[in-house]
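Visitor: The following block contains the structure, expressed as structure tokens.
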Amino acid sequence: MSEPTGRFHVVTLGCKLNQFDSAQSEAILRTRAMEPTDDPRLADVIVVNTCTVTGRADAEGRRLLRRMRRLNPRARIVATGCYAERAPDELRRVTPADAVVGHRDRARLPQALLGVDECVTAPLAPSLADRSRGWLRVQEGCDLRCSYCVIPQVRGPGRSVPADEVVAQLRTFAERGVREVGLTGVNVGAWGGDLTPRRRLADLLEAIVRADVGLRIRLNSLEPRTVTDEILALMREHPRVLVPHLQIPLQSGTDSVLARMSRNYRTAFYRERILAAAAAVPDICLGADVITGFPGETDAEHDATVRFLESLPLAYLHVFSYSRRPGTRAAELPGQVAPHEIKRRTTRLRALGARKGRAFRERLLGRTLDGLALHAHGPCGATRVLTGNYVEVLVPGAPCGEVVAVRLERLEDDLVVRGALA
Ligand code: SF4
């Protein structure tokens, strides 16, 4: 067996699922005693894990691959991820990548990364956002067909990691000192639908709670139709395990645009789920994804979306400018909105999101909440503590890696919350 040694540099674009995939690439490289380097000029292998959810992500992937070659003419450069899956020939043609490996080709990844033919198995590696906080892929792919979305094309149909495997992986994370794990996937709420017998996400969460793995679990993003009363009840009963935070993609606040997006719900249903979550889970942080400038979106539809969002108890908004994606039905729709108008609508919604973020934090001032003290510090040396309901608090002297009780004391202009150990 050849023993390549050396250094690697991994750049990740896109979502938490991509971050998880990058951690697996690193694990493969480490099986050959290779070490990471922050400096691509020193690397023997460079991985650019691409995203293709927007045209801008594609451009950034191409730009990075070319830049890595300029910085390091001798390194082996490997392009992975969703762009590599969607248009491998395009990437081979227009970038200096030595290898292009898409999701369906993952079995070829070790060969591409290490330049070796033999089979290489790497232990599952947590993708760590911080030494005490990471992401675990529990689901992959999506069976829905939203008209603007390229993800089902690149990540395939919905597939679930069996519950006992998830619990075993969570135990591994806990043994490595991780204290919080975010469950990630493309459509996490659809977990279990492909298993025999069919299961539901609530079943997985019950298994995690029963297993008592000693971790905080952050559910992150759930499609509206998958936010069930069973899941909300579990979050209410086990707030120290299933932390009170949900991001529920809305995309538009009008039924007319939701219909053109082929989303599987309408505004009344979305409102009912948001109000159900707010009523069921104390202090829950609710976020929403919104797309501006979807083809044909009129001023009136945009204004209605703003009014709809203003009327909901949301704590933040993730606002995306519509991006025309090859191979999607929306790309062929009439009434593509002018870029300057999309920009104006995006700015307006982001300002609304900031107002909601401020109001959410103001309501929590004076309260004492549990938070995970991250291995990171703010400008004044105070420890960054992340509460269950997704508020970052700067707390002097909080012990990194520990779950602590913090009192939220004051809110600064830039939405930074100052606090103290309770
Ligand atoms: S739910 Fe819709 S937007 Fe989300 S990944 Fe599936 S098809 Fe794309």
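Visitor: I'd like to compare 409-417, 260-268: which one has the highest average count of other Cβ atoms within 10 Å, and what's the full order after that?
Guide: Taking the mean over residues of other Cβ atoms within 10 Å, the ranking is 260-268, 409-417.
Visitor: A further question follows. Taking a ≥ b ≥ c as the square roots of the eigenvalues of the Cα gyration tensor of the stretch 4-76, is the shape rounded (a/c under 1.5), prolate (a/b larger than b/c) or oblate?
Guide: Judged from the Cα gyration tensor, the stretch 4-76 comes out oblate (a/c at least 1.5, b/c at or above a/b).
Visitor: Based only on Cα atoms, what mean projected area does the convex hull of the stretch 365-421 have, in nm²?
Guide: Averaged projected hull area, Cα only: 3.3 nm².
Visitor: Then there's this: In what sequence, highest mean first, do 243-250, 347-354 appear when ranked by Cβ atoms within 10 angstrom? Could you put the intermediate results ahead of the total?
Guide: Values: 243-250: 23.0, 347-354: 16.4.
Per-residue Cβ counts within 10 Å, averaged per peptide and sorted highest first, yield 243-250, 347-354.
Visitor: Now, a different point. From largest to smallest, what semi-axes in whole angstrom does the chain give when each is the square root of 5 times an eigenvalue of its alpha carbon gyration tensor?
Guide: 33, 29, 22
Visitor: Assuming 1.306 mPa s and 10 °C, estimate D for the stretch 259-303 with Stokes-Einstein, Rh taken as the Kirkwood radius over Cα pairs, in µm²/s.
Guide: 126
Visitor: Hey, if we sort 212, 303 by accessible area with the 1.4 Å probe, largest down, what's the order?
Guide: 212, 303
Visitor: Might you report the magnitude of the Cβ-based charge dipole of the stretch 6-114 about its Cα centre, with Lys and Arg at +1 and Asp and Glu at -1, to the nearest 20 debye? Numbers along the way, then the final one.
Guide: Values: 20 positive and 13 negative charges, 57 e Å.
I would put it at about 280 debye.
Visitor: Can I ask one more? Express the carbon and sulfur contribution to the solvent-accessible surface of the chain as a percent, rounded to the nearest whole number, probe 1.4 angstrom.
Guide: Percent of accessible area from carbon and sulfur atoms in the chain: 51.
Visitor: Taking one equal scatterer on every alpha-carbon of the stretch 171-302, how large is log10 of I(q)/I(0) by Debye at q = 0.16, 0.20 1/Å?
Guide: Summing over Cα pairs of the stretch 171-302 leads to -0.85, -1.17.
Visitor: Suppose every Lys and Arg Cβ carries +1 and every Asp and Glu Cβ carries -1, with no other charges. What dipole size does the stretch 175-297 come out with about its Cα centre, to the nearest 20 debye?
Guide: On the way: 16 positive and 15 negative charges, 15 e Å.
Result for the stretch 175-297 is approximately 60 debye, rounded to the nearest 20.
Visitor: Using only DSSP helix segments of four residues or longer, with each worth -39500 (n - 2.57), what per-residue ellipticity at 222 nm results for the chain after dividing by its residue count and rounding to 500?
Guide: After summing the helix terms and dividing by the residues of the chain, the value is -10500 deg cm²/dmol.
Visitor: If you find the alpha carbon centre of the stretch 5-32 and of the stretch 145-205, how far apart are they in angstrom?
Guide: Taking the Cα centre of the stretch 145-205 as reference, the centre of the stretch 5-32 is 20 Å away.
Visitor: Using modelled backbone amide H atoms (1.01 Å from N, in-plane), which distant-in-sequence or interchain residues come within less than 5 Å of residue 367's amide H?
Guide: The answer is 408.
Visitor: Could you report the chain's accessible area per residue, 1.4 Å probe, as an integer in Å²?
Guide: For the chain, the per-residue accessible area is 43 Å².
Visitor: May I ask you to work out the translational diffusion coefficient for the stretch 17-133 at 4 °C, viscosity 1.567 mPa s, via Stokes-Einstein with Rh from the Kirkwood sum over Cα pairs, reported in whole µm²/s?
Guide: Value of D from the Cα-based Kirkwood radius: 89 µm²/s.
Visitor: So, one more: Could you tell me the accessible area of residue 321 in Å² (1.4 Å probe, neighbours in place), rounded to the nearest ten?
Guide: Only protein atoms counted, so the area is about 50 Å².
The values are calculated or read from the model by the stated rules, or taken from the named source; none is laboratory data. Keep in mind that what you see is a predicted model, and the values were worked out from it rather than measured. Ideal geometry is used to build each Cβ from the backbone, glycine not excepted, and the neighbour counts take in all protein chains shown. In case anyone asks, the SASA skips ligands and DNA or RNA and just uses the protein heavy atoms, side chains included. Shrake-Rupley method; radii C 1.70, N 1.55, O 1.52, S 1.80 Å.
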